[in-house]
Amino acid sequence: MTLCRYLLQPIFGTIRGMTSSPAMSPAGALAADHPLLDGRTADSPLITAYRGGKPSRRPVWFMRQAGRSLPEYLKVREGVAMLDSCLRPELASEITLQPVRRHDVDAGIFFSDIVIPLKLAGVGVDIVPGVGPVLDTPVRTAADVAALPQLTWESLEPIREAVRLTVAELGSTPLIGFAGAPFTLAAYMVEGRPSRDHLGPRTMMHADPETWNALANWAADASGMFLQAQLEAGASAAQLFDSWAGSLGLADYTRYVAPASARALDHVRHLGAPLIHFGTGTSELLVAMRDVGVDVVGVDYRLPLDEANRRLGGTVPLQGNIDPALLPAPWEILEAHVRDVVAAGSAAPGHVVNLGHGVPPETDPAVLTRVVELIHSISPE
């Protein structure tokens with residue numbers, strides 16, 4: 001935890017004191033047979049880099065590596081709705097494993113969706129093809145927030161089972177847990193569907209801050225419990241995705257969003273697994289995102305990693321940030337870009353190569369495999 005995080009604790013504590021305390025899941029340490037503790041993943045290239053050590057090879061994985069770019073994914077998903085595929089443990093496990101088998105990436109990322117905690121809590125939500133997550137009823141008033149159902153520990157059993165199945169197959173390859181950050185979840189809930197500018201939640205922050213804080217805390221506890229279920233079931237690291245934080249200025253992020261993100265992570269800090277925070281369009285928020293208390297900061301394609309490291313004072317390992325737009329480019333152009341990313345990332349205390357956002361669905365899987373081979377061929381020294 002950084003010095004800045006310690007300095008900010010009194011601020012977060014004051015803000016949290018204005019609301020109810022987190023509805024924590026059953027607390028405890030990781031089990032003795034957890035992959036981080038029984039020798040399977042603690043010394044893997046990924047976990048070593050996340051902890052600022054020197055890995056045996058340069059670790060790489062891709063956001064959205066499990067999904068629409070793989071023909072085997074399209075085959076197993078035939079006739080199965082998106083959210084249903086996330087909640088069938090055997091299917092979610094198989095989809096998570098597919099890119100690890102194909103690409104030899106250094107981690108699996110748990111196949112799920114950002115709104116699964118809402119679905120499991122009993123909120124009416126579905127993924128509409130061509131649109132994205134759509135809620136039956138948007139959440140826009142204090143009464144709407146008060147009426148929200150609570151996510152229960154028991155409802156998360158399909159998630160735990162999917163993680164257990166996946167970890168049993170991964171062996172020494174770590175699984176990364178996944179959750180949407182509270183702002184992104186709350187933004188969907190207020191708008192009721194995807195939005196370009198997120199005017200609804202941004203207005204609520206200022207016009208009705210009490211309702212906003214209540215909603216953000218609800219989302220924080222849902223995200224935190226979702227992460228905890230994955231980590232305790234066998235995930236070796238966890239990433240909090242704030243897909244829409246880039247719509248915020250620094251002042252609004254620090255005042256209205258950072259406390260909720262910290263609250264979500266409070267559910268899992270005691271477990272000791274590396275925690276990663278990533279957002280898109282968040283170049284001006286990187287320090288504040290680090291200071292919610294994470295071990296690794298993900299950087300999107302907009303900011304070179306050496307500049308990100310400078311802004312962060314060389315305090316944390318970085319993850320990123322190949323530009324997805326270059327994946328279809330001629331190989332000599334993509335190769336030069338990947339080498340530039342690796343060189344820029346070398347300035348940080350640790351570096352896990354990734355994309356600066358997710359894999360586009362039209363990506364040729366062979367290109368991703370070739371990129372992994374290139375990264376592994378570059379000495380980690």
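Please treat every number below as a calculation from the coordinates, not as lab data. Predicted, not measured: the structure shown is a model, and the values here were computed from it. No Cβ is skipped: glycine too gets one built from the backbone with ideal geometry, and neighbour counts run over all protein chains shown.
Figure legend: label point modelled 7 angstrom from the Cα of H206 along Cα→Cβ; residues of segment 237-269 with amide N under 13 Å from it are 248-253.
Length gained on full extension, Q150 to R193: 13.4 nm, using 0.36 nm per residue less the C-alpha separation. Couplings 3J(HN,Hα) for segment 235-240, derived from phi with the Karplus relation 6.51 cos²θ - 1.76 cosθ + 1.60 (θ = phi - 60°), are 5, 9, 7, 8, 10, 9 Hz, where x marks Gly and Pro.
For segment 313-381, the Cβ-based charge dipole about the Cα centre amounts to some 180 debye (Lys, Arg positive; Asp, Glu negative; other atoms uncharged).
Only one residue of N354, L231, G249 has its Cα farthest out toward the positive end of the dipole of the chain, where Lys and Arg carry +1 and Asp and Glu -1 on Cβ, and that residue is G249.
Shape class of the chain from the alpha-carbon gyration tensor: rounded, with the ratio a/c of largest to smallest axis under 1.5. Here's how it looks for G350: its modeled amide H is under 5 Å from those of L318, which are all 5 or more places away or on a different chain.
Each eigenvalue of the Cα gyration tensor of segment 109-198, multiplied by 5 and square-rooted, gives one semi-axis; in descending order these are 28, 16, 11 Å.
Sequentially through segment 298-305, phi angles give Karplus couplings (6.51, -1.76, 1.60; θ = phi - 60°) of x, 10, 7, 6, 7, 10, x, 5 Hz, Gly and Pro residues having no value and appearing as x.
For the chain, find the longest principal axis of its Cα atoms and tell me its angle to the long axis of helix 331-345, 0 to 90°, nearest 10. Once rounded, one gets 60 degrees.
Could you tell me which of rounded, prolate or oblate describes segment 224-356, using a ≥ b ≥ c as the square roots of the eigenvalues of the alpha-carbon gyration tensor, with rounded for a/c under 1.5 and, failing that, prolate when a/b is larger than b/c and oblate otherwise? The shape class here is prolate.
The charge dipole of segment 266-326, taken about its Cα centre with unit charges on the Cβ atoms of Lys, Arg (+1), Asp and Glu (-1) only, comes to about 80 debye. Ellipticity at 222 nm from helices only: DSSP H runs of n ≥ 4 in the chain, each -39500 (n - 2.57), divided by the residue count, give -13000 deg cm²/dmol. Computed over segment 242-316, the P(r) curve from all C-alpha pair distances, binned at 5 Å from the origin, holds 3, 16, 29, 25, 18, 8, 1 percent per bin. In this Cβ point-charge picture (+1 for Lys and Arg, -1 for Asp and Glu), the chain has a dipole of about 500 debye about its Cα centre. All Cα-Cα distances of segment 20-111, cut into 10 Å bins from zero to the largest, leave 14, 32, 32, 20, 2 percent in each bin in turn. Among rounded, prolate and oblate, which fits segment 174-222 when a ≥ b ≥ c are the square roots of the eigenvalues of its C-alpha gyration tensor, a/c under 1.5 means rounded, and a/b larger than b/c means prolate? It is oblate, given that a/c is not under 1.5 and a/b is not larger than b/c. Across segment 125-137, computed HN-Hα scalar couplings (Karplus, 6.51 cos²θ - 1.76 cosθ + 1.60, θ = phi - 60°) run 8, 8, 9, 8, x, x, 10, x, x, 10, 8, 4, 9 Hz from first to last residue, x flagging Gly and Pro. Across segment 317-381 the C-alpha pair distances fall into 10 Å bins from zero in the proportions 21, 59, 19, 1 percent.
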